[in-house]
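Here is the structure we will look at, set down as structure tokens.
Every number in this text was worked out from the coordinates using simple rules, so none of it is lab data. Quick caveat: nothing in here was measured; it's all calculated off a predicted structure. Reconstructed Cβ throughout: ideal geometry from the backbone, glycine too, with neighbour counts over all protein chains shown.
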Amino acid sequence: MKKILLYGVALSLSISLIGCTAPKNEDSSTGKVQNQIEEQTPKDKLDKEEITIDKQDKEEVTRLVEEFGGKLQSVSLLSPKKELEKSMKENYGGLVSEDLMNKWLNNPEDAPGRFVSSPWPDRIEIENVEKISDTEYEVGGNIIEITSSENDEPISRTITLTVRKIDIVWLINDVVLGEYNK
């Protein structure tokens, strides 16, 4: 009876040990034995997920900047303060951070928008989007200003935007307006 019990225990241990080892294949070209279960699978999966998240973030940041560019013509920077505040909140609200909005309300000459009736800002053409950190992108491009005359060439002005993820939302957190291009 003891022998049967001993053989049973030995058989159980052998089966357990066999189940714990990974199947192996021999690479015929090198003669080396390789595990079928790749050790880098979780890392590769994380890398793919990170690339997908980066791509989604970049698309969201690009959409945000393009939407913001389409609103520039609606904000007359020479309006009286109350009208300017209302216009900025209606057009830039949800696109820019509260800190940036307050900065522009205190110094409208530093804000992007419409200064005169013609030319007016039509859009932002994005040239590059660079990831700075997991929560911040820098976007470079040009504000394209147009007139109602088809004969006039568009005017452009460089712009650099810092877009930051605040809580769970991407918002424009800083803007640097550059010179007009010739």
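Using the structure shown, decide if Ile166 is on the phi < 0 side of the Ramachandran plot and within 23 Å of the chain's Cα centre (by Cα).
yes
Would you tally the residues in the range 47-88 being touching a residue at least 60 places away in the same chain (Cβ under 8 Å) and within 17 Å of Val129 (Cα to Cα)?
Final tally of qualifying residues: 11.
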